[in-house]
Amino acid sequence: MAKILVVTSGKGGVGKTTTSAAIGTGLALRGHKTVIIDFDVGLRNLDLIMGCERRVVYDFVNVVNGEATLQQALIKDKRVENLFILAASQTRDKDALTKEGVEKIITELSKTHDYILCDSPAGIEKGAHLAMYFADEAIVVTNPEVSSVRDSDRMLGLLASKSRRAENGEDPIKEHLLITRYSPERVSRGEMLGVEDVEEILAIRLLGVIPESEAVLKASNSGTPVIFDDQSDAGQAYSDAVDRLLGKEKPHRFLDFKKKNWVERLFGGR
């Protein structure tokens, strides 16, 4: 049986899809057969970040409605042997997904995959609820700013009360915290919450801290998950997060602000 993960947050624009692409790719690179499902019906982006937008023929809603088989809709990644993508519909209404339809697809995928990543839309509407309902574990993505952390705290409440596990009285969803767009320099200036501040508010296990990086935008625009860029801080941070998700002990990096010396300031070094 597959392990079902949801990548979620209350606020939009924090990096959920970038995270889904990076974590899913990282799991597949480590030999785990992985499928990433885009739950953001009407506003799909996962296929763009994965670089497979031209290969989408059938989507998630087509499968739910019986208009295509799962095998017809699944897109096999050309770079990684064990990685598959199920795109969202761009033209359907957000209410096109049903709990019964999603459960049927997840049950079928669970027979053949090790990990199912559900890339949740922002907010607390139907798509977000369905993305988290069947989850075993949740990666809660937040930026280090008050509004984002507050919205993530609300999502933690929903994860604890509105999931299948909660309804059945089973063990709760295992929650992981991923902080994105982190800048130690801005933290040092008091412009951004520090890691300790976010951990104190949300009180869940820290999976990773992804530094603010131009590599993320560059990777997204080129249709390549940033985890492939192993020379960038962001790529390395996502790789560390995947290792921690799989149970490995990894120290957290990119948390401290290193002041430039006079030579670096003079010549513009970073």
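The values are calculated or read from the model by the stated rules, or taken from the named source; none is laboratory data. These figures come from a predicted structure and were not determined experimentally. Cβ coordinates were reconstructed from backbone atoms using ideal geometry, including for glycine residues, and neighbour counts include every protein chain displayed. Note: areas computed on protein heavy atoms with side chains; ligands, DNA, RNA excluded. Shrake-Rupley method; radii C 1.70, N 1.55, O 1.52, S 1.80 Å.
Things to note:
- Any hit, the stretch 195-210, residues being open to solvent by less than 40 Å² (accessible area, probe 1.4 Å), of a type outside the set (D, E, K, R), within 30 Å of R54 (Cα to Cα) and touching a strand residue (DSSP E or B) at 6+ places or on another chain (Cβ under 9 Å): yes
- Filtered residues of the stretch 126-141 (kept if part of a strand (DSSP E or B) and either under 13 Å from L206 (Cα atoms) or modelled with pLDDT under 95 (or both)): A138, I139, V140, V141
- Matching residues, the stretch 100-123, being in a loop (DSSP other than H, G, I, E, B) and either open to solvent by less than 80 Å² (accessible area, probe 1.4 Å) or among the hydroxyl-bearing types (S, T, Y) (or both): T112, H113, D114, S120, P121, A122, G123
- Those residues of the stretch 14-35 which are over 12 Å from the mean Cα position of the chain (by Cα), open to solvent by 10 Å² or more (accessible area, probe 1.4 Å) and either closer than 20 Å to G235 by Cα or without any contact (Cβ under 8 Å) to a residue 40 or more places away in the chain (or both), in sequence order: L29, R30, G31, H32
- Sole exception among (1) open to solvent by 20 Å² or more (accessible area, probe 1.4 Å); (2) outside any loop (DSSP other than H, G, I, E, B); (3) touching an Asp or Glu at 6+ places or on another chain (Cβ under 8 Å) for Y58, by number: (2)
- Within the stretch 106-126, tally of residues that are in contact with a helix residue (DSSP H, G or I) (Cβ under 7 Å, 6 or more places away or on another chain) and free of Cβ contacts under 8 Å to residues at least 60 places away in the same chain: 3
- Residues (within 21 Å of S89 (Cα to Cα) and open to solvent by 40 Å² or more (accessible area, probe 1.4 Å)) located in the stretch 124-145: I124, E125, K126, H129
- Checking each residue in the stretch 45-55 for being open to solvent by 10 Å² or more (accessible area, probe 1.4 Å) and under 14 Å from the mean Cα position of the chain (by Cα) picks out N45, I49.
- Counted residues, the stretch 10-55 - those being in a loop (DSSP other than H, G, I, E, B), within 14 Å of S220 (Cβ to Cβ), modelled with pLDDT of 95 or more and of a type outside the set (G, A, S): 2
- Within the option set A215, A166, being at pLDDT below 95, small (G, A, S), part of a helix (DSSP H, G or I) and open to solvent by 10 Å² or more (accessible area, probe 1.4 Å) holds for one residue only, A166.
- Some residue of the stretch 67-90 being open to solvent by less than 10 Å² (accessible area, probe 1.4 Å), of a type in the set (S, T, Y), more than 29 Å from E200 (Cα to Cα) and in a helix (DSSP H, G or I): no
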